[in-house]
Amino acid sequence: MAQATKYYATGRRKDATAKVWLTPGSGEIKVNNRTAADYLGRRTLQMIVRQPLELVNVGGEFDVTVTAKGGGTAGQAGAIRHGIARALLSVDPEMRTPLKKAGFLTRDPRVKERKKVGRKRARRGFQFSKR
């Protein structure tokens with residue numbers, strides 16, 4: 001009995017985490033049991049999600065199933081892109097060079113800075129009035 005091959009990876013950006021599974025298929029992308037177009041909405045976010053697949057010319061070869069949590073839609077789109085790129089490495093290690101060159105394998109380290117004591121936000125002070 002032949003077992004269907006599944007490739008898994010986790011992608012992260014800001015506060016968003018995306019669990020990504022690649023299975024051989026027709027190129028359908030589902031995020032939290034909804035189509036990518038329905039879930040993400042904006043075309044730019046849909047384009048961001050498809051970038052790693054189009055870069056290595058495997059857009060129609062894999063179905064992508066994603067569970068995304070945390071952050072907003074833009075952060076989740078970046079996390080999905082990171083996860084897809086990492087999952088493609090387990091499909092074929094030869095894809096590493098173009099994916100690395102495009103910056104899809106690098107985890108974006110920018111996260112929200114914590115609020116500090118004696119301040120309104122991370123760096124913003126309280127409003128000052130002389131009188």
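Values computed for the structure shown
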| read-out | value |
| --- | --- |
| Simple Cβ-charge dipole of the chain, Lys/Arg +1 and Asp/Glu -1, about Cα centre, in debye nearest 20 | 1760 |
| Potential lengthening between Tyr8 and Thr106 on full extension [0.36 nm per residue; Cα-Cα distance subtracted] | 33.6 nm |
| Folded to 0 to 90 degrees: helix 73-91 orientation relative to the chain principal axis, Cα | 40 |
| Size of charge dipole - segment 7-47 - debye, nearest 20, with Cβ of Lys, Arg +1 and Asp, Glu -1, no other charges | 180 |
| Gain upon complete extension [Lys130, Glu54; 0.36 nm per residue less C-alpha separation] | 21.5 nm |
| Among (1) 1.15; (2) 1.05; (3) 0.94, the entry that matches Rg/Rh (Cα atoms, Kirkwood Rh) as calculated here | (1) |
| Tilt relative to the chain, helix 43-55 - C-alpha long axis, 0 to 90 degrees, to 10 | 50 |
| Selection from Thr44, Ser90, Asn57 lying farthest towards where the dipole of the chain points positive, charges on Cβ | Thr44 |
| Percentage relative contact order, the chain, counting C-alpha pairs under 8 Å, at least six apart | 31 |
| Bridge type composition, segment 7-102 - antiparallel percent by DSSP, nearest 5 | 85 |
| Lys/Arg +1, Asp/Glu -1 at C-beta; the chain dipole; positive extreme among Pro24, Tyr8, Ser129 | Ser129 |
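Values quoted throughout were computed directly from the atomic coordinates according to the rules given, and no laboratory measurement underlies them. In this text the structure is predicted, and so the values were computed from the model without any measurement. Note that we place each Cβ from the backbone using ideal geometry, even for glycine, and neighbour counts take in every protein chain shown.
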